[in-house]
1. Val269: in a helix (DSSP H, G or I), at negative phi, β-branched (Val, Ile, Thr) and surrounded by 16 or more Cβ atoms within 10 Å (Cβ to Cβ), yes or no?
2. Tally up the residues in region 147-159 that are in contact with a helix residue (DSSP H, G or I) (Cβ under 9 Å, 6 or more places away or on another chain) and either crowded, with 20+ Cβ neighbours inside 10 Å or not charged (D, E, K, R) (or both), please.
3. So in region 305-342, with the set limited to residues that are hydroxyl-bearing (Ser, Thr, Tyr) and without any contact (Cβ under 8 Å) to a residue 40 or more places away in the chain, which one is surrounded by the most Cβ atoms within 10 Å (Cβ to Cβ)?
4. Just wondering, is there one or more residues in region 188-196 that are crowded, with 20+ Cβ neighbours inside 10 Å and either out of contact with any strand residue (DSSP E or B) (no Cβ under 8 Å at 6 or more places or on another chain) or in a helix (DSSP H, G or I) (or both)?
5. When the residues of region 197-226 are filtered to those that are small (Gly, Ala, Ser) and assigned to a loop (DSSP other than H, G, I, E, B), which remaining residue is nearest to Gly318 (Cα to Cα)?
6. Among the candidates Asp202, Asp185, single out the residue that is under 17 Å from the mean Cα position of the chain (by Cα) and not small (Gly, Ala, Ser).
7. Considering only region 237-260, how many residues are assigned to a loop (DSSP other than H, G, I, E, B), out of contact with any Phe, Trp or Tyr (no Cβ under 6 Å at 6 or more places or on another chain) and crowded, with 22+ Cβ neighbours inside 10 Å?
Amino acid sequence: MLAERMNHLGTETAFEVLARANALEAEGRQIINLGIGQPDFKTPGHIVEAAIKALKDGHHGYTPASGIPSLRQAISDDLEKRHGVEIEPNRILAVPGGKVTMFLAMMLYGEAGCEILYPNPGFPIYESTIRFSGAIPVPIPLREENGFAFSAEEVLSKINEKTRLIILNSPANPTGGVVPRVEFDSLIEGLERWPNVTIMSDEIYGQMLYDNQEHISLLKYAEISDRLILLDGWSKTYAMTGWRLGYSVWPKTVVSHAEKLCVNIHSCVNASAQFAGIAALKGDQSPVKKMVSAFDERRAVIVDQLNQLPGFNCIQPGGAFYTFPNIKETGMTSDELQKKLLEEAGVAVISGTSFGEYGEGYLRFSYANSTDNILKAVASIKSCL
């Protein structure tokens, strides 16, 4: 008999939609995938070559669970360069992807009787791992009228003596929303009244912003450094989703506990991937700029095109590579329209409810696909509405 907690573990609908799209393609259907959340660019060549060199040089064994020292130093240097904050390398853990940091945080802070706040609509693994830990998930509503940014006042109103952890994500999946500095300032000021509440800031899309917006990293708030977990990595910025390489920054008093979990769960990150990670951080950054520039151009196209569809209303996302159009005027639920678009139009998108109850009435479109495919997809959608 399985443990009861397995009944609380969710999944990612994006992978389920991908599986159905693949099944339709196997039947001879042409499917345009605007559902999966990964860049459609190749990993830059110098990063791939660094991994090959590491293998040829004999880096085939275990590494420290926390990551090789040169990688942790490279991460520290990069954080200082981008955010102007010095982070001791011994507070950094290399992990096999961003989800690992989420899981570690839930295992360290979540248990029966406590509450964890999380963005809704938000990445579905937040709520899934909270429930798996035994904690009670408390949604932070992200509303269209606020550009899908949280309200600091509302977040603070949800904190009580049971609150253990708050999860934040900006730029955000699935909405592309970016939280303004004023909201972060207000939240951090309000958290002074709750010194035992830890914050996990998911900043995996932190280098994907548009319209000259500045990424506000919570690392810049020194007053919460002793209770901040930073989640970041290479997957989105360097088109390395399949490499499974991420990192996290932990409070000094917690990092050894997180590392102990790493030892028990995955031992260490793939050695050659770690050398690739160093090359990514220290090497040529122009491929990143080119990719983000391409996303920006596609962003303009997809927002314009979606707003021409009957029943669709799409605000301009500020970051990441997603749009989250309001589809309430179509008269269909998010799940109904997701299915209709895949089965009839041959376009894979993700229902807003895959990201939580506040996602009803919305769909997530990824513009990590070519402009030609985006135009074809919207034309196909229009023909079936």
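1. Numbers: in a helix (DSSP H, G or I): no; at negative phi: yes; β-branched (Val, Ile, Thr): yes; surrounded by 16 or more Cβ atoms within 10 Å (Cβ to Cβ): yes.
Considered against the rule, which asks whether it is in a helix (DSSP H, G or I), at negative phi, β-branched (Val, Ile, Thr) and surrounded by 16 or more Cβ atoms within 10 Å (Cβ to Cβ), Val269 comes out as no.
2. Looking only at region 147-159, we keep the residues that are in contact with a helix residue (DSSP H, G or I) (Cβ under 9 Å, 6 or more places away or on another chain), and these are 149-153, 155-156, 159.
Within this subset, residues satisfying the condition of being either crowded, with 20+ Cβ neighbours inside 10 Å or not charged (D, E, K, R) (or both) are 149-152, 155-156, 159.
Result for region 147-159: 7.
3. Here is the first cut: in region 305-342, the ones hydroxyl-bearing (Ser, Thr, Tyr) are 322-323, 330, 333-334.
Of the ones still in play, those that are also without any contact (Cβ under 8 Å) to a residue 40 or more places away in the chain are 333-334.
Working: Thr333: 16, Ser334: 23.
In this case the residue turns out to be Ser334.
4. Quick first cut of region 188-196, residues crowded, with 20+ Cβ neighbours inside 10 Å only: 191.
When the remaining residues are screened for being either out of contact with any strand residue (DSSP E or B) (no Cβ under 8 Å at 6 or more places or on another chain) or in a helix (DSSP H, G or I) (or both), the result is 191.
Within region 188-196, one or more residues are crowded, with 20+ Cβ neighbours inside 10 Å and either out of contact with any strand residue (DSSP E or B) (no Cβ under 8 Å at 6 or more places or on another chain) or in a helix (DSSP H, G or I) (or both).
5. The initial filter retains those residues of region 197-226 that are small (Gly, Ala, Ser), namely 201, 206, 217, 222, 225.
From the residues that got through so far, the ones that are assigned to a loop (DSSP other than H, G, I, E, B) too are 206, 217.
Working: Gly206: 11, Ser217: 15 Å.
That would be Gly206.
6. On the way: Asp185 fails: under 17 Å from the mean Cα position of the chain (by Cα).
Being under 17 Å from the mean Cα position of the chain (by Cα) and not small (Gly, Ala, Ser) holds for just one of Asp202, Asp185, which is Asp202.
7. Start the filter on region 237-260 by keeping residues that are assigned to a loop (DSSP other than H, G, I, E, B), which leaves 237-240, 244-245, 250-254.
In the following step, the residues that additionally are out of contact with any Phe, Trp or Tyr (no Cβ under 6 Å at 6 or more places or on another chain) were identified as 237-238, 244, 250-254.
So of that shortlist, the ones also crowded, with 22+ Cβ neighbours inside 10 Å come out as 238, 250.
Going through region 237-260 one residue at a time, the tally reaches 2.
Every number here is computed from the coordinates shown, using simple stated rules; none is lab data. For clarity, every value in this text was computed on a predicted model and none was experimentally measured. Counting neighbours? That spans all protein chains shown, and the Cβs are built from the backbone with ideal geometry, glycine included.
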